[in-house]
Amino acid sequence: MNKVLLVDDHPVYRRGMASLIEAEPDLQLCGEADSVPEAQRLLEALQPDVLVVDLNLSEGNGLQLIKSVRAQDNPAPILVISMYAESLFAERAIRAGANGYLNKGEAVTNIINAIRHVLRGKLYVSAEM
């Protein structure tokens, strides 16, 4: 069972993502955060196997969180799922240390596949990228 930490500032989106994750036999939601400080606290306490992070957060932003996680030498893969255009932000997120980038408009199956992809240590971006 792979533990997933979900970091997004929108409660409704988190609830939907939590339902998707919990429906999968190999994934378990271990925690939710809406800010960089809360995510950092949960990261240390819960030791997730993967982080699913939005770029827009209530305190700080996803790029700051990614850089912070990598500065701590935490090897957990990070998948960014954001409303911002992949063509503009995927490269920034990956340079910061993310393992993948996906637009929130993607199909549900693509989101779950992207999580599994980064868990296997592979880089994930859309076919267009």
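The values are calculated or read from the model by the stated rules, or taken from the named source; none is laboratory data. Fair warning: this is a prediction, and the values are worked out from it, not measured in the lab. Cβ coordinates were reconstructed from backbone atoms using ideal geometry, including for glycine residues, and neighbour counts include every protein chain displayed. Keep in mind that these areas ignore ligands, DNA and RNA; they rest on the heavy atoms of the full protein, side chains included. Shrake-Rupley method; radii C 1.70, N 1.55, O 1.52, S 1.80 Å.
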- Note on the structure: Residue-ordered couplings for segment 86-99, obtained by feeding phi - 60° into the Karplus form 6.51 cos²θ - 1.76 cosθ + 1.60 and rounding to whole Hz (Gly and Pro as x), are 4, 5, 9, 10, 4, 4, 4, 5, 5, 4, 6, x, 6, 9
- Query: If we count every other residue with Cβ under 11 angstrom of Arg95's Cβ, Lys/Arg +1 and Asp/Glu -1, where does the sum land?
  - Reply: +2
- Item | Cβ crowding within 10 Å averaged over residues, with 18-26, 94-102, 58-66 ranked highest first | 94-102, 58-66, 18-26
- Sorted by mean Cβ packing within 10 Å, highest first, what order do the peptides 3-10, 105-112 take? 3-10, 105-112
- Query: If one computes the Cα centroid of segment 20-89 and of segment 97-129, what distance in Å separates the two points?
  - Reply: 13
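Relative contact order (percent) for the chain, with alpha-carbon contacts under 8 angstrom and 6 or more residues of separation?
Across the chain, relative contact order equals 21 percent.
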- Between Asp73 and Ser87, what length comes free when the chain is fully extended (0.36 nm per residue of separation minus the Cα-Cα distance, one decimal in nm)? 2.3 nm
- Which FRET efficiency value, to the nearest 0.05, do you get for Lys122 and Ser35 by plugging their Cβ-Cβ distance into 1/(1 + (r/R0)^6) with R0 = 30 Å? 0.55
- Query: What number comes out for the charge environment of Gln28, summing +1 per Lys or Arg and -1 per Asp or Glu over other residues with Cβ under 13 Å away?
  - Reply: -4
- Query: Long-range amide H contacts for Ala98: which residues qualify at under 5 Å (H placed 1.01 Å from N, peptide plane, sequence gap of 5 or more or a different chain)?
  - Reply: none
- Task: Would you mind telling me the antiparallel percentage of the DSSP bridges in the chain, rounded to 5?
- Result: 5
- Item | Projected label distance in nm at Ala107 and Asp26, using a 7 Å step from Cα toward the beta-carbon | 1.9
- Query: How much solvent-accessible surface does Arg41 expose, in Å² to the nearest 10, with a 1.4 Å probe and all protein chains in place?
  - Reply: 140
- Asserting the computed 222 nm helical MRE of the chain (DSSP H runs at least 4 long, -39500 (n - 2.57) per run, divided by residue count, to nearest 500) equals -13000 deg cm²/dmol
